[in-house]
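Q: Below: one structure in structure tokens.
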């Protein structure tokens, strides 16, 4: 269950970074809407990360959380914000995914 909580925390990390990206491209009330989404996602992500680290090793949990956030944010950048998806970028995304899976496999909890 703690791994599921950690994954959800990582997805909310993707949410708060995506909100920052959307806020950058808007003005007025819409910009504040995206900043509000940033605050909500940030709070939820941190609370879930705190919950997960009560049972999982801190270093592993943090690495997985940031890895999910990094991979998810890059994918949002590629698919939503039309950022480039060249060979090396995709290659290193896959190495991050492999590292996240590896940390889960070798974790004792």
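The values are calculated or read from the model by the stated rules, or taken from the named source; none is laboratory data. From a predicted model like this one, the values you see are computed outputs, not experimental measurements. Note: ideal-geometry Cβ built from the backbone for every residue, glycine included; neighbour counts use all protein chains shown.
Q: Identify the single condition in (1) surrounded by 14 or more Cβ atoms within 10 Å (Cβ to Cβ); (2) at pLDDT 95 or above; (3) farther than 23 Å from residue 1 by Cβ that residue 36 does not satisfy, given that it satisfies every other one.
A: Tallying (1) surrounded by 14 or more Cβ atoms within 10 Å (Cβ to Cβ); (2) at pLDDT 95 or above; (3) farther than 23 Å from residue 1 by Cβ, residue 36 fails exactly one: (1).
Conditions (1) surrounded by 13 or more Cβ atoms within 10 Å (Cβ to Cβ); (2) closer than 21 Å to residue 6 by Cβ, marked per residue:
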| position | (1), (2) |
| --- | --- |
| 42 | yes, yes |
| 45 | yes, yes |
| 60 | yes, yes |
| 66 | yes, yes |
| 70 | yes, yes |
| 76 | yes, yes |
| 89 | yes, no |
| 95 | no, yes |
| 106 | no, yes |
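The rows are residues; the columns are (1) assigned to a helix (DSSP H, G or I); (2) more than 12 Å from the chain's Cα centre (by Cα); (3) touching a residue at least 24 places away in the same chain (Cβ under 8 Å).
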| site | (1), (2), (3) |
| --- | --- |
| 26 | no, yes, no |
| 30 | yes, yes, no |
| 65 | yes, no, yes |
| 74 | yes, no, no |
| 78 | yes, yes, no |
| 89 | yes, yes, no |
| 94 | yes, yes, no |
| 102 | yes, yes, no |
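Q: From the list 80, 68, 7, pick out the single residue that is touching a helix residue (DSSP H, G or I) at 6+ places or on another chain (Cβ under 8 Å) and over 21 Å from residue 99 (Cα atoms).
A: 80
Residue-by-condition table, conditions (1) part of a helix (DSSP H, G or I); (2) at pLDDT below 95:
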position	(1), (2)
40	yes, no
48	yes, no
82	no, yes
99	yes, yes
108	no, yes
